[in-house]
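Written below as structure tokens is the structure these notes are about.
Every number in this text was worked out from the coordinates using simple rules, so none of it is lab data. Small disclaimer: the values here were computed from a predicted structure and weren't measured. Note that we place each Cβ from the backbone using ideal geometry, even for glycine, and neighbour counts take in every protein chain shown.
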Amino acid sequence: MIFYYANSGHKLGLDRVRRGAALIKKLEAAGIESRLLVNDFRAGLAAKDLGVKEYVTVETVQDIDAIAEAGNNSIIIDSPEDDHGRLVKYCADFKNVWRFAHDENDTSVHGEILFKVNCQSDDCLDAVIVDEMYAPQAEKVERVLFFLSDSDYDKVILGNEAFFKETNMELLLGNYFFVKYEDDLAKLFTTLHEPEEYTDLIQTSKTVVTASSQTALEAKACGAKVIYIDVEKEALYPSSLLASNGIGILNEFDANALKASQDDKKQEQNTSINSFDTNRIISKL
């Protein structure tokens, strides 16, 4: 069995859970039994909405072996957390350990295999993983959808009130948004959509504006026009990779720049985003 640990929470969002769900479903389609480990109940519910059958909650990356039995099992770690030396034990106790690199300069520490952006060798795996359900097949609705991320702990949206008042967008709420916060947001957007509508809205929106690099790739895989606002503190993917996939990049909340990007005819649909191959994982099991 493969245990996939995806760090999550209301300061982190669910991007790693979405990436994990995509990979788990590909592995299970190939007959590989997998189990998702997350940090909170809400992340688990979101994973079930994405098609993950089972999940278990754990406190931190240091608690993976409280659930995963050592020996013939394997683990995948998708987390920026400090493991406080736990990784060396995992590499000794489990059959295989894969880990998502923290940045482009990250290297294997104890023999674990890294998932890396722009992986160019046999020593790593591609970190870009998008669920196959995001494909250019659904009919598009003429809407501009804004999704900041699953949380807005620092109230970034309200801090850019003028920007949103100048743009005519619909808001997809995050899973970790506070209820009272939604009342303030309703004054800035034409429509508020519930978090449970995430998959349908990403599949059907003609234009998606987001500060989540995972969401940007998912929407692009669906054939949407996508504008990424590069304000993520710990983005899964660099803006250069998004740009190479035909995604418009903004470095701030600028209404004029947003309009220019929306009018840009150079954005081309990219259909190679869903190309992750699981065979190199399966061959190790």
**Request:** Using a 10 angstrom cutoff on alpha carbons, build the Gaussian network for the chain and name the most mobile of GLU218, GLU197, GLU112.
**Result:** GLU197
**Request:** Identify, among GLN120, SER149, ASN251, the residue whose Cα sits farthest towards the positive end of the charge dipole of the chain, taking +1 on the Cβ of Lys and Arg and -1 on the Cβ of Asp and Glu, with the dipole about the Cα centre.
**Result:** GLN120
**Message:** Using the Cα centre of the chain as origin and beta-carbon charges of +1 (Lys, Arg) and -1 (Asp, Glu), tell me which of MET133, LEU242, THR207 is placed farthest towards the positive end of the dipole.
**Reply:** MET133
**Flagged links, alpha-carbon separation over 18 Å, of LYS53/LYS116; LYS11/LYS155; LYS26/LYS225; LYS25/LYS233** = LYS53/LYS116; LYS26/LYS225; LYS25/LYS233
**Asked** Between the stretch 208-243 and the stretch 72-133, what is the C-alpha centre distance in whole Å?
**Response** 22
**Message:** Please check: in the Gaussian network model of the chain (C-alpha springs, under 10 Å), which one of VAL97, VAL38, VAL88 has the largest mean-square fluctuation.
**Reply:** VAL88
**Message:** Please arrange LYS284, LYS116 by how many other C-beta atoms lie within 10 Å of their C-beta, fewest to most.
**Reply:** LYS284, LYS116
**Complete:** So, with points 7 Å from each Cα along the Cβ direction, the LYS265-LYS11 label distance in nm works out to 4.7
**Asked** So what's the gap between the Cα centers of the stretch 1-35 and the stretch 148-186, to the nearest angstrom?
**Response** 27
**Asked** For the chain, what relative contact order do you get, as a whole percent, if you take Cα pairs closer than 8 Å and at least 6 residues apart?
**Response** 16
**Message:** Rounded to the nearest 20 debye, what is the charge dipole size of the chain about its Cα centre when +1 sits on each Lys and Arg Cβ and -1 on each Asp and Glu Cβ?
**Reply:** 500
**Asked** In debye to the nearest 20, how big a dipole does the stretch 141-263 give about its Cα centre with +1 on each Lys and Arg Cβ and -1 on each Asp and Glu Cβ?
**Response** 340
**Message:** I'd like the FRET efficiency for GLN137 and ASP230, computed as 1/(1 + (r/R0)^6) with the beta carbon distance as r and R0 of 25 Å, rounded to 0.05.
**Reply:** 0.30
**Complete:** Percent relative contact order for the stretch 141-263, counting Cα pairs under 8 Å at least six residues apart, stands at 24
**Complete:** A student applying the Cα gyration tensor rule (rounded when a/c is under 1.5; otherwise prolate if a/b is larger than b/c, oblate if not) would label the stretch 141-263 rounded
**Request:** Per DSSP H run of at least 4 residues, take -39500 (n - 2.57); add these up for the chain, divide by its residues and hand me the 222 nm value, nearest 500 deg cm²/dmol.
**Result:** -7500 deg cm²/dmol
**Request:** Name the residue, out of LYS220, LYS206, LYS165, whose mean-square fluctuation peaks in a Gaussian network model built on the chain with Cα pairs under 10 Å.
**Result:** LYS165
